[in-house]
2 protein chains.
Amino acid sequence: MFARLCLIGVGLIGGSVAKAARQQGLCREIVGYGRAQDAANLQRAQQLGVIDSYFTDLGAALSAADCVVIASPVGAVSGIFKQLQPYWNPQTVYTDVCSTKTSVVQAAQAVFGAVPVNFVPAHPIAGAECSGVEAATADLFRQRRLIITPLDNTDPRCLDTIQRFWEAIGSSVSLMGVEHHDTVLAATSHLPHLLAFALVGLLGHKDEQREIFKYAAGGFKDFSRIASSDPTMWLDICQANKQEIIPLIQQYQAELAKIEHYLHTDQTEQLFATFTYARNARQRYLDQLED
Amino acid sequence: MFARLCLIGVGLIGGSVAKAARQQGLCREIVGYGRAQDAANLQRAQQLGVIDSYFTDLGAALSAADCVVIASPVGAVSGIFKQLQPYWNPQTVYTDVCSTKTSVVQAAQAVFGAVPVNFVPAHPIAGAECSGVEAATADLFRQRRLIITPLDNTDPRCLDTIQRFWEAIGSSVSLMGVEHHDTVLAATSHLPHLLAFALVGLLGHKDEQREIFKYAAGGFKDFSRIASSDPTMWLDICQANKQEIIPLIQQYQAELAKIEHYLHTDQTEQLFATFTYARNARQRYLDQLED
């Protein structure tokens, strides 16, 4: 598919894209780009065979690259677009893997005036609570969803190329509007992460005073897994998507306040209905997972 | 260890106790007791070999039983103590597996005047979101914690018997005060379940209006697992432990409000510190799991 795939950022996601692309034979060569302070990580990525070579000079990294994947933290994307601008090549396909799309699209608009027709905003709905290239795996995206949020002016051939790339990696691709993506992901991903951070923080402080983690079992272990996520990545995501996240937090607090009220006033039927509704909703979620 | 083990209630937990006891050769015979409306379930338990026989007559079930395990929903315990009272045998060891301990102890005190010296309140910190005897497994309690909350007057020989029973099943036994148990479990188990019910309910309603479950990935799947828990069991637990749960919900709301405030006012350092603290706290939790 590609002669040279260039990853801008070679962490968990960038590294996994590289490994998956290599495994599926989607590119002849893979190069990584990072800042000077990322050199040790890039070297490690090369040692691991995730990438063939690395550069801290962007022009050198981009030379002959026919596909460029921006796999940096969301907060770095604006600066990356600025760096890319002088080298922007109409023959190259550019894409990203960021967890928010509005901020990425707005960053592109700010730098280029309009989102370039050969930039295809994308987001693989996959991840792990581990970070870094050591955790990268070729299977991270297999049987996972991938959302592309094309703009009106996105070049259909570039869109098709990126779609086929991800399908070859094993993902199921959906197209969605930019804002809709951020609304949906705020609910299914961003809010749950904040809820987990809040719970583990609360229990963490209690545990410091008196052992409680010792008595926390499987339910807590699963529930809290996403609280092991990378703080930098999540700070970026929250800032980028705060317009969607803040109202959701408020809606969640209202839901929790209802449960507290039912409990306080012994409204057992309402509590039972609430728990039953949730259980049935989760079953609905599981059923569609198998589709 | 026992000639005849009698399970009062043969669902997921009671059934798993039976299977584990059988597997470890801890009893010669296992009988189950339930109400007339539970007969079909008891019959199924017998068909599955979980129990050898069943009774809907309590006197018959208890006959020659040297160990009785109350494995009913928490809300039924008071009625069960009343039914047991006429048959209470000082030579028999009685115990339970309820998720709350104060309500069980208070129920025993209300029926007997004081908690009988041969009743050993216990709670296996284990479970699954599945319900019913079909989900019962001999391994449910292996390498899990078991909390016994003895009273001052609990017969040390009975305590020792129940402790050895659970250790033979593979659990690691801790002793704890009754109220302390409920305080700790409110934080590590009861609150997380309510948080999961609230989130899945909120997202369930959104999904009815517009597909979002389709885009919810591994993080949500794990986080929400406990929302598949049995509504009856959790209604009982919440009612039994509301004195501990309600303040915790309020503390959690405060934690969430802080995060919302930091996000709203762009206090990025505080947000980063919050996420980092949570991540480190989870690591502390994981580290002690391996001990």
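The values are calculated or read from the model by the stated rules, or taken from the named source; none is laboratory data. None of these values were measured; they are calculated from a predicted model. Note that each Cβ is placed from the backbone with ideal geometry, even for glycine, and that neighbours are counted across all protein chains shown. In case anyone asks, the SASA skips ligands and DNA or RNA and just uses the protein heavy atoms, side chains included. Shrake-Rupley method; radii C 1.70, N 1.55, O 1.52, S 1.80 Å.
Quick look at the numbers
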item	result
Candidates B:Y54, B:Y277, B:Y252: whichever shows maximal mean-square fluctuation once chain B is modelled as a Gaussian network with Cα springs under 10 Å	B:Y277
Label point 7 Å beyond Cα along the C-beta direction, distances from B:Q23 to other copies (nm, shortest first)	3.2
Chain lengthening between B:R157 and B:Q24 when straightened (0.36 nm per residue, less Cα-Cα)	45.8 nm
Full-stretch length increase - A:Q251, A:T265 - with 0.36 nm per residue and alpha-carbon distance subtracted	2.9 nm
Pseudo-label separations to other copies for A:L175 - Cα-to-Cβ vector, 7 Å, nm	6.9
Closest approach to the axis - chain B beta-carbon, rotation onto A, Å	B:D222, 2
Antiparallel DSSP beta bridges within the protein assembly as shown, as percent of all bridges there, nearest 5	15
Between the range A:126-158 and the range A:1-54, the alpha-carbon center distance in angstrom	14
Charge sum, other residues only, whose C-beta stays under 9 Å from A:G204's C-beta, Lys/Arg counted +1 and Asp/Glu -1	+1
Choice from B:D207, B:D52, B:D139 with maximal GNM fluctuation in chain B (Cα, 10 Å cutoff)	B:D207
Rounded if a/c under 1.5, otherwise prolate or oblate - the range A:2-176, Cα gyration tensor axes	rounded
Cα gyration tensor shape of the range A:204-279, rounded if a/c is under 1.5, else prolate or oblate by comparing a/b with b/c	oblate
GNM flexibility winner over chain A from A:K242, A:K19, A:K214 (Cα, springs under 10 Å)	A:K214
Förster radius 35 Å - calculated FRET efficiency between A:R210 and B:D57, Cβ distance, rounded to 0.05	0.15
Average other protein chain Cβ within 10 Å of Cβ, residues B:226-236	6
For residues of A:261-267, the mean tally of beta carbons on other chains within 10 Å	3
Stretchable slack from B:Q85 to B:Q43, in nm (0.36 nm times residue separation minus alpha-carbon distance)	12.5 nm
Chain A: antiparallel DSSP beta bridges as a percent of all, rounded to 5	15
Debye intensity ratio in log₁₀ form over the Cα atoms of the protein assembly as shown, taken at each q of 0.05, 0.07, 0.09, 0.10 Å⁻¹	-0.27, -0.50, -0.75, -0.87
Shielding score for B:238-249, defined as the mean number of other chain Cβ atoms within 10 Å	3
Solvent-accessible area per residue for the range A:2-176 (1.4 angstrom probe, square angstrom)	39
Centroid-to-centroid separation of the range A:173-247 and the range B:196-236 [C-alpha atoms, Å]	14
Calculated label separations, A:A273, copies of the chain, 7 Å along the beta-carbon direction, nm	4.4
